[in-house]
Every structure is written in structure tokens, then in C-alpha cells.
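**Q** If you scroll down you'll find the structure; I have some questions about it.
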Amino acid sequence: MARVELGIDSASHEAAVALLDGDDVLAEHRWTVETNYSRELLGGINTALREAGVARAELVAIAVDVGPGGYSSLRSGVATAQGLALALGVTLAGVSRLETAAFPHLGGGRTVVAVHEPGGGRGAGAAYAADGGAPALVEAPRLDELDACLRAAPRGALWCGELGEELIAALPDIEGTAVSAAENVRRAADLVRLARLHEAYGDPGLVDVMYLRPPPITRPAGTKAN
């Protein structure tokens, strides 16, 4: 009997969804969101379900990217995943964007650093290692100036994720190397694989977005800053 799991990645303007039955990827789609994120996300999920010949009711678990990343897109992804999980009565797992980016490159005793650059000369990064089993966290996720991130990173690591020109140019100073552009892609299917490895499936209500800095809040008109 099929046990289909859904992966949802909404950490950036590029959305991705995947359906897995055990080790088999039944469908996986990535696209650039141009209008309403939640509406396009539901459309992408429905397209994947049709392609795989799977009904929503056949889903047994959902894994969703919880960031760090774009505030609105992440909220849309987590809310969509929670709504589906609660409606279907299935479990939900929140998975780190950084670990998902690092996952395909782990192995052989090598440390992998995954980076998200939110702008302003800063970077959010974390380091991972794995030789079979679930990845281990070597350096916890942190948001800092790019030069501080570089100084704190393990020497000789492989770097992936959002690698700007400034960061790539500085890697030789710490004996680091960058993943090739063709291989530097987050895959929604890996959200499901990581959720399994960490045994992270549980109560949908406990899943929330990962913030490394507070989300921007617009004050109501007529109020003063503290």
C-alpha cells in the first residue's frame, strides 16, 4: 500500500513541491512564484498529485521548509502545510532550509556550510556533517556580517546555498570551496528525507517558521516608535 509523503519548500520566490512513496519520487516541481504565493502553492501541489495519480486523502505526512528565508513566503508555506495536515489528520514536520541545502553534499567526512543571504552584507549560515544517518549540526544557524560568518566557519568546508560573489571570492582564504551552480539546488524531496531521518513528524500546531532576526512590523498609523 502506498504511503505518500508531501514536501513543500516556500523559503524563497522559487517554490517547490515533491511527492515520495518510500524511496521513489513520484513527482517534483519547482517554479518561480509570480502572483499569490498560497494560491500558486496549492496549484503546484494539485499538479503534483495529478501527475503522480495520488489523491490528497492518500497523503500520510507532510514536511515543510521553515526557513530562514522570506517572511511572507515562509508563512504561506507553513500555513498551507498546517492547513492540509489538519484537514487530512496527518503529521507535519518542519525542516531547516539550511540543512536541506546542505543535505545532498554531505558524506565522506566533509563539513558542509549552507548559507542564506538576506541582504545588507549579512548572511545566515550553519554547518553540518554526516556519514550515514541524520546530519549532525557542527555550527548552529546564525545571522551575522558575512566576514564574521566566514571567520566562524570550519576551514576546508564545502559551501552551498546563496553564495554571492563577495563570499565566493573570500572562500580561498579559509580553504573553502563552493558547490557548482548546477548542483546548488534545494530539493523538496529532501525535506521528506530529512523529516524521516530526524523522526520529526508530529503535531502540525507545533511547527513554526524559523526566524534568525525579528520579522519587520509596520506600526499602525498615528503611533510613535519606542
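**Q** Being more than 22 Å from residue 116 (Cα to Cα), aliphatic (A, V, I, L, M) and over 14 Å from the mean Cα position of the chain (by Cα) narrows it down to one residue among 60, 33; which is it?
**A** Working: 33 fails: more than 22 Å from residue 116 (Cα to Cα).
Only one candidate qualifies: 60.
**Q** Only one of these is of a type in the set (A, V, I, L, M), open to solvent by less than 50 Å² (accessible area, probe 1.4 Å) and without any contact (Cβ under 8 Å) to a residue 12 or more places away in the chain: 102, 114, 148. Name it. Explain how you work it out, then say what you get.
**A** On the way: 102 fails: without any contact (Cβ under 8 Å) to a residue 12 or more places away in the chain; 114 fails: without any contact (Cβ under 8 Å) to a residue 12 or more places away in the chain.
Being of a type in the set (A, V, I, L, M), open to solvent by less than 50 Å² (accessible area, probe 1.4 Å) and without any contact (Cβ under 8 Å) to a residue 12 or more places away in the chain holds for just one of 102, 114, 148, which is 148.
**Q** Quick one: how many residues across segment 96-146 are closer than 12 Å to residue 68 by Cβ, of a type in the set (A, V, I, L, M) and in contact with a helix residue (DSSP H, G or I) (Cβ under 8 Å, 6 or more places away or on another chain)?
**A** Adding up the residues that qualify gives 4.
**Q** Could you please find all residues in segment 146-163 being part of a strand (DSSP E or B) and on the phi > 0 side of the Ramachandran plot?
**A** So in segment 146-163, the residues part of a strand (DSSP E or B) come out as 158-161.
Selection gives 161 alone.
**Q** Could you check how many residues of segment 159-199 are open to solvent by 40 Å² or more (accessible area, probe 1.4 Å) and either touching a Cys at 6+ places or on another chain (Cβ under 8 Å) or farther than 16 Å from residue 18 by Cβ (or both)? Before the answer, list the steps.
**A** Of all residues in segment 159-199, those open to solvent by 40 Å² or more (accessible area, probe 1.4 Å) come to 162, 165-166, 168-169, 172-173, 175, 177-178, 180-185, 187, 193, 196-199.
Going one step further and asking which of them are either touching a Cys at 6+ places or on another chain (Cβ under 8 Å) or farther than 16 Å from residue 18 by Cβ (or both), we end up with 162, 165-166, 168-169, 172-173, 175, 177-178, 180-184, 198-199.
The number of residues fulfilling the criteria is 17.
**Q** Given the conditions (1) farther than 20 Å from residue 8 by Cβ; (2) of a type outside the set (S, T, N, Q); (3) without any contact (Cβ under 8 Å) to a residue 40 or more places away in the chain; (4) surrounded by fewer than 16 Cβ atoms within 10 Å (Cβ to Cβ), which single one is not true for residue 139?
**A** (4) is the only condition that residue 139 fails.
**Q** Among (1) in a helix (DSSP H, G or I); (2) touching a helix residue (DSSP H, G or I) at 6+ places or on another chain (Cβ under 9 Å); (3) in contact (Cβ under 8 Å) with a residue 40 or more places away in the chain, which single condition is residue 171 missing?
**A** It is condition (3) that residue 171 fails.
**Q** Output the qualifying pairs, or none if there are none: Cβ atoms under 7 angstrom, residues six or more apart or on different chains, first residue in segment 30-41 and of a type in the set (Val, Ile, Thr), second residue assigned to a loop (DSSP other than H, G, I, E, B).
**A** If the second residue must be assigned to a loop (DSSP other than H, G, I, E, B), the pairs left are 32/13; 33/13.
**Q** List every residue pair whose Cβ atoms sit under 8 Å apart, with the two residues 6 or more apart in sequence or on different chains, where the first one lies in segment 65-86 and is farther than 15 Å from residue 201 by Cα and the second, anywhere, is polar (S, T, N, Q) and open to solvent by 10 Å² or more (accessible area, probe 1.4 Å).
**A** As it stands, the answer is 67/96; 69/12; 70/12; 73/12; 76/38; 79/38; 80/38, since those pairs meet every condition given.
**Q** Identify the single condition in (1) at pLDDT below 90; (2) farther than 21 Å from residue 7 by Cα; (3) not aliphatic (A, V, I, L, M) that residue 156 does not satisfy, given that it satisfies every other one.
**A** So the condition that residue 156 fails would be (1).
**Q** Counting just the residues of segment 203-226 that are over 18 Å from the mean Cα position of the chain (by Cα) and modelled with pLDDT of 80 or more, which one comes out farthest from residue 10 (Cα to Cα)? Working first, answer last.
**A** Our first condition is that a residue be over 18 Å from the mean Cα position of the chain (by Cα); within segment 203-226, this holds for 203, 205, 214, 216-226.
Checking the rest, the ones that are also modelled with pLDDT of 80 or more come to 203, 205.
Details: 203: 20, 205: 18 Å.
It comes out as 203.
**Q** Can you tell me which residue among 139, 183, 166 is outside any loop (DSSP other than H, G, I, E, B) and closer than 19 Å to residue 110 by Cα?
**A** Values: 183 fails: outside any loop (DSSP other than H, G, I, E, B); 166 fails: closer than 19 Å to residue 110 by Cα.
Just one listed residue meets the conditions, 139.
**Q** Only one of 90, 113 is among the aliphatic types (A, V, I, L, M), touching a Phe, Trp or Tyr at 6+ places or on another chain (Cβ under 6 Å) and within 24 Å of residue 200 (Cβ to Cβ). Can you tell me which?
**A** Details: 90 fails: touching a Phe, Trp or Tyr at 6+ places or on another chain (Cβ under 6 Å).
Sole residue among the options that is among the aliphatic types (A, V, I, L, M), touching a Phe, Trp or Tyr at 6+ places or on another chain (Cβ under 6 Å) and within 24 Å of residue 200 (Cβ to Cβ): 113.
**Q** State which residue is most open to solvent (accessible area, probe 1.4 Å) when the search covers only segment 54-64 and only residues that are of a type in the set (Gly, Ala, Ser) and in contact (Cβ under 8 Å) with a residue 24 or more places away in the chain. Steps first, please.
**A** Taking segment 54-64 first, the residues of a type in the set (Gly, Ala, Ser) are 55, 57, 61, 63.
Narrowing the set further to residues that are in contact (Cβ under 8 Å) with a residue 24 or more places away in the chain leaves 57, 61, 63.
Working: 57: 90, 61: 5, 63: 0 Å².
Taking the candidates together, the pick is 57.
The values are calculated or read from the model by the stated rules, or taken from the named source; none is laboratory data. All values reported here derive from a predicted model rather than from experimental measurement. Methodologically, a virtual Cβ is constructed for each residue, glycine included, from the backbone with ideal geometry; neighbour enumeration extends over all protein chains shown. When the accessible area is computed, the model is the full protein with side chains, heavy atoms only, and any ligands, DNA or RNA have been set aside. Shrake-Rupley method; radii C 1.70, N 1.55, O 1.52, S 1.80 Å.
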